[in-house]
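Worksheet for the structure shown next.
The values are calculated or read from the model by the stated rules, or taken from the named source; none is laboratory data. All values derive from a computational prediction rather than experimental measurement. Virtual Cβ from ideal backbone geometry, glycine too; neighbours counted across all protein chains shown. Note: areas computed on protein heavy atoms with side chains; ligands, DNA, RNA excluded. Shrake-Rupley method; radii C 1.70, N 1.55, O 1.52, S 1.80 Å.
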Amino acid sequence: MSPGDGVPVDETCRVQGAEGGVWAAGDVTGIARTTHAARYQADVALSNILGSHREADYRAIPRVVYTTPTVYAVGVTPGRAAELGIDLRTAGYDLAATARAAVEADDRGRVELYADRSRGLLIGAAAAGLHAEEWMSEIALAIRAETPLGLLADVVHAFPTYGESVEAPLRELAGPLAAPEEEAR
Ligand SMILES: Cc1cc2nc3c(=O)[nH]c(=O)nc-3n(C[C@H](O)[C@H](O)[C@H](O)COP(=O)(O)OP(=O)(O)OC[C@H]3O[C@@H](n4cnc5c(N)ncnc54)[C@H](O)[C@@H]3O)c2cc1C
């Protein structure tokens, strides 16, 4: 193990190579050093210790910097997608174009969504904006649940919210990548 690496665990959070039942959760695993990831791994480990097989899925663990405005990212970055050979399609939107920005008198920020062109699914996103850690949760859910783009583009957001900012990029991505009539049913 090198400095900075974690204790190696398998998908069930069981420590690899250890004798008997040894489990690890949190920063010590080196996987996603956040409180929410630590809690998630603890849940996964506990389920397995209690006898229900459960595997951790790290595809949609949010990464947040609590600045003003918030900086938020989830899933695959464009750089990582390039390393993985994923044919990425991106679409974005400036928060200044939302009515909420006028209401809040704060037009800073932007959202960017990343879709895997071959699978027609969202695989990552980034945003900077007030409370992005709250209104981007639906994108984390969409990535984790592999929600079809056509269905996502059919979701109605309340007016005036920053959440409306994902509608235009979702429509842009769904257009060439999905069959909305089928998936929105
Ligand atoms: C400044 C700062 C800000 C952060 N802000 C955020 C944030 O906003 N959101 C977020 O999600 N994450 C944040 N994090 C990361 C987050 O704190 C960690 O990811 C999280 O606490 C990991 O939980 P853990 O249980 O794995 O480890 P810890 O919370 O570090 O708990 C480990 C515990 O083990 C104890 N311990 C260590 N060695 C021993 C030993 N030999 N014997 C007995 N006990 C021992 C320690 O004292 C500690 O209490 C922040 C971290 C830092 C440093």
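Among the residues of this structure, Arg39 counts as one that is open to solvent by 80 Å² or more (accessible area, probe 1.4 Å) and within 11 Å of the ligand (Cβ to nearest atom).
Checked against the criterion of being open to solvent by less than 40 Å² (accessible area, probe 1.4 Å) and part of a loop (DSSP other than H, G, I, E, B), segment 93-106 contains one or more residues that satisfy it. The single condition from (1) under 20 Å from Glu138 (Cβ atoms); (2) out of contact with any helix residue (DSSP H, G or I) (no Cβ under 8 Å at 6 or more places or on another chain); (3) of a type in the set (Val, Ile, Thr); (4) open to solvent by 50 Å² or more (accessible area, probe 1.4 Å) that Thr90 fails is (2). Taking the conditions exactly as written (assigned by TED's automatic domain parsing to the domain that holds His131, touching a Ser or Thr at 6+ places or on another chain (Cβ under 6 Å) and either away from the ligand (no atom under 16 Å from the Cβ) or at pLDDT 95 or above (or both)), does Arg100 satisfy them or not? So Arg100 fits the description; yes.
The condition (being within 16 Å of the ligand (Cβ to nearest atom), crowded, with 19+ Cβ neighbours inside 10 Å and either outside the structural domain of Glu138 (by TED's automatic domain parsing) or touching a residue at least 60 places away in the same chain (Cβ under 8 Å) (or both)) is satisfied by just one residue among Val22, Val44: Val44.
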